[in-house]
1. Considering region 433-486 alone, what residues qualify as being of a type in the set (S, T, N, Q) and part of a helix (DSSP H, G or I)?
2. May I ask you to list the residues in region 106-136 that are part of a loop (DSSP other than H, G, I, E, B), under 25 Å from Ala154 (Cβ atoms) and at pLDDT 95 or above?
3. Looking at (1) surrounded by 11 or more Cβ atoms within 10 Å (Cβ to Cβ); (2) charged (D, E, K, R); (3) farther than 21 Å from Thr454 by Cα; (4) more than 22 Å from the chain's Cα centre (by Cα), which is the one condition that is false for Glu204?
4. Taking interchain pairs and intrachain pairs at least six residues apart, which have beta carbon atoms under 6 angstrom, with the first residue in region 126-151 and closer than 18 Å to Glu104 by Cβ and outside the structural domain of Glu289 (by TED's automatic domain parsing) and the second crowded, with 23+ Cβ neighbours inside 10 Å and hydroxyl-bearing (Ser, Thr, Tyr)?
5. Since Ile226 meets every condition but one in (1) touching a helix residue (DSSP H, G or I) at 6+ places or on another chain (Cβ under 6 Å); (2) on the phi < 0 side of the Ramachandran plot; (3) touching a residue at least 60 places away in the same chain (Cβ under 8 Å), which condition does it not meet?
6. Any residue at all in region 443-455 that is among the hydroxyl-bearing types (Ser, Thr, Tyr) and touching a Lys or Arg at 6+ places or on another chain (Cβ under 9 Å)?
7. Among Leu377, Leu397, Leu407, which is among the aliphatic types (A, V, I, L, M), closer than 21 Å to Gly124 by Cβ and in contact with a strand residue (DSSP E or B) (Cβ under 7 Å, 6 or more places away or on another chain)?
8. Among the residues of region 102-132, which ones are within 18 Å of the chain's Cα centre (by Cα) and not hydrophobic (A, V, I, L, M, F, W, C)?
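The values are calculated or read from the model by the stated rules, or taken from the named source; none is laboratory data. Keep in mind that what you see is a predicted model, and the values were worked out from it rather than measured. Virtual Cβ from ideal backbone geometry, glycine too; neighbours counted across all protein chains shown.
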Amino acid sequence: MSGDTSNGQHGAVRTPRESAGAAKGDMGAVDRPKGQMGAAMPEQAGTTQPDVLALAAFDDHHPPSRDLIDDCVHCGFCLPACPTYNLWGEEMDSPRGRIYLMKEGLEGEPMSPSLVQHIDRCLGCMACVTVCPSGVQYDKLIEATRQQVERRGAQHRSFADRALREAIFALFPHPERLRLMRGPLALYQRSGLSRLVRRTRVLERISSSLATMEAIAPPVKRQVRIPPLSPAKGPRRMTVGMLLGCVQREFYPGVNAATVRVLNMEGCDVVTPPAQGCCGALSVHAGREEEGLRYARALIDTFTEAGVERIVVNSAGCGSTMKDYAHLLADDPDYAERARAFAEKVRDVSEILVELGPVATRHPLPVTIAYHDACHLAHAQGVRSQPRQLLGAIPGLTIKEIAEGDLCCGSAGIYNLVQPGPARELGDRKAANVAATGAELLVTSNPGCLLQITDALGRRGLHMSTAHMIRVLDASLLGKSVDTLLEDAPQATRRAVPAP
């Protein structure tokens, strides 16, 4: 077993005990390597429990698989790809280090604050899965471990952390509750109070998580009603269902409307069952297993009688979870087969459009864009070429690639709310790389990434326009002016942003 490479960038393997010793200031432990980004590690606030408890780390309900753990050969190729290892250079904040912790848990080590902390710090971006030469299924390992932490280790989080998580899951997976927020949020934004709050930084003195939540909230737009059935324009080529989403539905309604229009223009009948709720992605990614499965079953039920050939998703995080329903519900005799059939139909909107091939006319759109790969689209679903293929076919549009394109922007589901410090630093790094392209418009395929990067660009004073990929394609098909995509940016910054 060796973590050394010819260029030395992966570093030597450290055991969990060595890492713990270094973290506690034990100078006899292995020296702490310096992370590439030089970020300060977040404090583990509010945990007063001893580091070792009698409670074993894992119970018998779906612990991380020993076979999957043994697939890891400790080569270290995951280290440069891992955002948290980039931040801190800590072995236990890398995929390899977390796999060590999982192995120790299987061998009877107790659930401890340090284990919970290192698992909570993982963004779940799956960049390590992409680069791993051994094909380690880290996605399955971290999912199983998060479930164990949620059931058996949540007491090691601070009271504020636990309360924040409960508040998040009482709100974000519920579109009807998000809808109730639209009015008060619009009033807050239009009254000028939001500018006062940001100028005085009062929320940052109360809670960095609250400050982040306020900062990333998008301007409230006019709600767009999506009918249950939108017929194809011209000959029908396919009947598809469409997920409306939660945040997407209430705060990016134009994205859903654009998705329906584009699918219609490309010959699809679009079915959007009005009773559909959350897909469970946020819950699954956070380890809230039963909650996530409850949402998954309900969504399967909603689409069972829809009579669709494909189920289209325009949110990367939602799509990755829905494609995984067969795995998530494999033990449920009532849903296992239905989940498999459902998952086989799920496609990102870019996949289905490439699969169908273009029939609608693309009108010129003279704009330079920077395309950001959402982690749960590129790493979790392996969808990289399709969005670029669709965008590249638009006359006049130029695509600029972003440096460190595989590095997470820091959104990662609820990560930017529960781990605001590291998420902010990752967002700042992404914003700097976006600005360096000199593009006029940042394009991606996930609402969380749009929220995170828009906020990060604003912190740099670059009020650069951002748009979902499907809105760009929609503008081209409708023959709209490029100004419709740049309308959210102040006039002074509508031109290309110069490289710093």
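1. Answer for region 433-486, where residues must be of a type in the set (S, T, N, Q) and part of a helix (DSSP H, G or I): Asn433, Gln452, Thr454, Ser476, Thr484.
2. Result: Arg121, Cys122, Leu123, Gly124, Cys125, Met126.
3. Failed condition: (3).
4. From region 126-151, no pairs qualify.
5. All conditions pass for Ile226, except number (3).
6. First, the residues of region 443-455 that are among the hydroxyl-bearing types (Ser, Thr, Tyr): 444-445, 454.
Checking which are touching a Lys or Arg at 6+ places or on another chain (Cβ under 9 Å) leaves us with none.
Within region 443-455, none of the residues are among the hydroxyl-bearing types (Ser, Thr, Tyr) and touching a Lys or Arg at 6+ places or on another chain (Cβ under 9 Å).
7. Leu377
8. Matches in region 102-132: Asp120, Arg121, Gly124, Thr130.
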